[in-house]
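So the structure is just underneath, and the comments pick up after that.
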Amino acid sequence: MSELKSEIDSDIEQNYSINSTTDPKNMQELTIYVQNLLQNVQDKFQTMSDQIITRIDEMGNRIDDLEKSIADLMTQAGVEGAEK
């Protein structure tokens with residue numbers, strides 16, 4: 001989790017700093033700058049969303065495996081549990 005925070009902090013410093021060296025000179029440059037900034041934010045958000053969904057899926061699979069293991073252990077021990 002701390003790795004993700006460090007990555008986000010680094011990304012913010014690199015891409016979204018107010019002290020940017022590319023200072024827009026006119027409205028067209030400003031428009032392009034803002035569009036690029038928004039695209040970068042959208043791309044980063046999509047990447048992070050994909051990572052979260054992947055981790056949720058992995059956790060769901062692990063929970064399913066755990067439930068199966070518990071049911072197998074209960075069967076081996078001769079314990080009758082309530083069926084779903």
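If I compute solvent accessible area with a 1.4 Å probe over the protein chains, what percent of it on region 26-77 is carbon and sulfur? Here carbon and sulfur together make up 60 percent of the probe-accessible area. Think of each Lys and Arg Cβ as +1 and each Asp and Glu Cβ as -1; about the Cα centre, that makes the dipole of region 26-77 roughly 140 debye. Among 34-45, 68-79, sorting by the average number of other beta carbon atoms lying within 10 angstrom of each residue, highest first, gives 34-45, 68-79.
The values are calculated or read from the model by the stated rules, or taken from the named source; none is laboratory data. Keep in mind that this is a model prediction, so the values were computed, not measured. Methodologically, a virtual Cβ is constructed for each residue, glycine included, from the backbone with ideal geometry; neighbour enumeration extends over all protein chains shown. These accessible areas exclude ligands, DNA and RNA; they are computed on the full protein's heavy atoms, side chains included. Shrake-Rupley method; radii C 1.70, N 1.55, O 1.52, S 1.80 Å.
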